[in-house]
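One structure is given below, encoded as structure tokens.
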Amino acid sequence: AEGCPLVLSYGGSETDEFKRQSDDYAAAWRSAGFEADCFEISQRNHFDIPLELADPTSLLTGKILELIATV
């Protein structure tokens, strides 16, 4: 099986369960032998986290650009 690198992020205002599910998903992806980054972005939630992509200094933007550079 093949899998692409995975970037997961969640907002700091999410519920603990939302955060746990994201961390578990990343752990399952890693246990299958694939790369996964999972991190929190404070002051965001799952509705507005895409706004991070407009910020070139954002950790999320940096991770996405790293993936693009390796393709």
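What part of the accessible area of the chain, given as a whole %, is carbon or sulfur when the probe is 1.4 angstrom? Could you put the intermediate results ahead of the total?
On the way: 2780 of 4900 Å².
The value for the chain is 57 percent carbon and sulfur by accessible area.
Compute the distance in nm between two label points, each set 7 Å from the Cα along the Cα-to-Cβ direction, one at T57 and one at F34.
The answer from the label model is 3.3 nm.
Specify which labelled value, from [x] 4.3; [y] 6.5; [z] 5.1, agrees with mean projected area of the Cα convex hull in nm² derived from the coordinates of the model shown.
[z]
Let me have the 222 nm mean residue ellipticity of the chain computed from DSSP H runs of 4+ only, each contributing -39500 (n - 2.57), with the sum over all residues rounded to the nearest 500. List each step's numbers first, then the result.
Numbers: 2 runs with 27 residues, N = 71.
Result for the chain, helices only: -12000 deg cm²/dmol.
Which of A36, A28, A54 moves most in a GNM of the chain, Cα contacts under 10 Å?
For the chain, modelled as a Gaussian network with Cα springs under 10 Å, the answer is A54.
Pairs of alpha-carbon atoms within less than 8 angstrom and 6+ residues apart define the contacts here; what relative contact order does the chain have, in percent?
With pairs under 8 Å counted, the relative contact order is 36 percent.
The values are calculated or read from the model by the stated rules, or taken from the named source; none is laboratory data. All of these numbers come straight from a predicted model, not from anything done at the bench. Cβ: placed from backbone, ideal geometry, glycine included. Neighbour counts: every protein chain shown. Calculation scope for accessible area: heavy atoms of the full protein, side chains included, ligands and nucleic acids excluded. Shrake-Rupley method; radii C 1.70, N 1.55, O 1.52, S 1.80 Å.
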